[in-house]
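Worksheet for the structure shown next.
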């Protein structure tokens, strides 16, 4: 099922579809290389909220229509003095995504080049698959601006410091295979199959206990600033997740299904 979220002048800005517990959110401005304007930001943010609130959805996959994942901000809109965010949810920031944390894992299926804000969306995702012919990069300094949608905040946590500085300060693109070597993405897909490979990865995640997955994501995010796994505050976060998960129906169903040699039936409770 494909559903329009917000319709702009050129049609639906985002397409939304659910397949086997995986929500597919497709940026749908191919003529503009999926550059982010207000309609796309509003639509994408609404799509994440819809996925977060749907108990049948366990994983979200982000991808782009046409030959690009996302070319970043729509500079034509900015040059015309128009905003490119969701006026009702500015707290979600760029594309309605980069500061929009939801409990369910997000996978970026980078089907084509992801520049500037496109790379910042990838950096905000939990997992990423990239087409072997695609590339990433933060070229903002070449335009007289900075990677202010989380790029400067996240890149040095995901690659070594000097590599992060090279990506940011040169503004040069990073090939798919280089992105994989650096750990910016989880896998490189054959040409034209990034979405398919991302859906395969999503299916593996979606087959796991949804509450355990969401709490695992929460613990990793909330403890990511800590440099030590011995501190009491990070163990307190870990303990809070343990209380939630081990008291759940799924925590009883998992061992029972294993003992009975059958697939578990998760309820997310």
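Results, tabulated for the structure shown:
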{"read-out": "Unique residue being in contact (Cβ under 8 Å) with a residue 40 or more places away in the chain and surrounded by fewer than 19 Cβ atoms within 10 Å (Cβ to Cβ) when the list is 190, 210", "value": "190"}
{"read-out": "Qualifying positions in the stretch 83-103 - farther than 12 Å from residue 64 by Cβ and touching a strand residue (DSSP E or B) at 6+ places or on another chain (Cβ under 6 Å)", "value": "84"}
{"read-out": "Restricting the stretch 128-149 to residues that are farther than 22 Å from residue 187 by Cα and in contact with a helix residue (DSSP H, G or I) (Cβ under 6 Å, 6 or more places away or on another chain), the residue that is surrounded by the fewest Cβ atoms within 10 Å (Cβ to Cβ)", "value": "146"}
{"read-out": "In the stretch 105-127, the residues that are crowded, with 24+ Cβ neighbours inside 10 Å and in a loop (DSSP other than H, G, I, E, B)", "value": "111, 112, 116"}
{"read-out": "Breaking point among (1) surrounded by fewer than 24 Cβ atoms within 10 Å (Cβ to Cβ); (2) modelled with pLDDT of 95 or more, for residue 62", "value": "(1)"}
{"read-out": "Set 218, 225: member being surrounded by fewer than 11 Cβ atoms within 10 Å (Cβ to Cβ), within 29 Å of residue 25 (Cβ to Cβ), under 20 Å from the mean Cα position of the chain (by Cα) and outside the structural domain of residue 124 (by TED's automatic domain parsing)", "value": "225"}
{"read-out": "Those residues of the stretch 168-204 which are under 16 Å from the mean Cα position of the chain (by Cα) and assigned to a loop (DSSP other than H, G, I, E, B), in sequence order", "value": "183, 184, 185, 186"}
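The values are calculated or read from the model by the stated rules, or taken from the named source; none is laboratory data. Source: prediction; values computed, not measured. Please note: Cβ atoms are built from the backbone with ideal geometry, for glycine as well, and neighbour counts cover all protein chains shown.
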